[in-house]
Amino acid sequence: MKATYFLHLTFDISDTSDVVNVVQEFQWSLSELDIETIGMCTNRPLPFHDGLQGLDVAYDLSSTDTTINTTVDALFPNGFPAEFVLFATVKVETDNRADLFTIIDGKQSLSFSLNPVEFEYRRRGRAPVRAGFKERLNDGVWHRVAFAVRERHVTLSLDCAKPKEHVKKPKGFNPSFGQNGIVRLEGDFKV
């Protein structure tokens, strides 16, 4: 399997001021697995430490066979949001589908892929619905991704640029996960 690295992964939830830091939620599991590597910057100024610098820590998801899970309730105590912005800093090697995470609750699943950049939503017994773009990030370079899911549209912004693409949200793309659902890092399991 080719490497998928991530440095930063958060959900900014539109109807509240909540920000869900996925890395922070999984911090204990990630540090126990010894999958840390150098991130996007080799020397980054440390906040609140004048003149001190440190390494970015990234996580190589391809270097472990361990399943890294948490519950929907742990990440989204107020329920999975209807509207959100996913922010991620990622690096994907070539020839990698690069599923960054999957959410599943037995009736439905939602996967976020970086090759191509898209959300794939599945409900049991129905064809998958994709909200995304033809953009591919499997080039071995670090990228900053902002993927907004709104009421009527989805928008992609890459590498801190103005929104690159804006498309109508597909009909039937309405994930609503129960609190007992599972969030799995770099997992691609289907309903």
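When ranked by the protection proxy of mean other Cβ atoms within 10 Å per residue, highest first, what sequence do the peptides 74-81, 125-132 form?
Result, highest mean Cβ count within 10 Å first: 74-81, 125-132.
Among Lys91/Lys168; Lys134/Lys162; Lys134/Lys169, which pairs are too far apart, with a Cα-Cα distance over 25 Å?
From Lys91/Lys168; Lys134/Lys162; Lys134/Lys169, over 25 Å: Lys91/Lys168.
With 10 angstrom as the radius, rank Phe133, Phe101 by how many other C-beta atoms surround their C-beta, starting from the fewest.
Phe133, Phe101
Taking 37 °C and 0.692 mPa s as the conditions, I'd like the Stokes-Einstein D for segment 92-148 in µm²/s, using the Kirkwood hydrodynamic radius from alpha carbon pairs.
It comes out at roughly 273 µm²/s.
Could you tell me the calculated FRET efficiency between Lys134 and Ser176, based on Cβ-Cβ distance and R0 = 25 angstrom, to the nearest 0.05?
0.35
Each reported figure results from applying straightforward, stated rules to the coordinates on display, with no laboratory input. What you see is a predicted model, and the numbers here were worked out from it, not measured in a lab. Cβ atoms come from the backbone with ideal geometry, glycine included; neighbour counts cover every protein chain shown.
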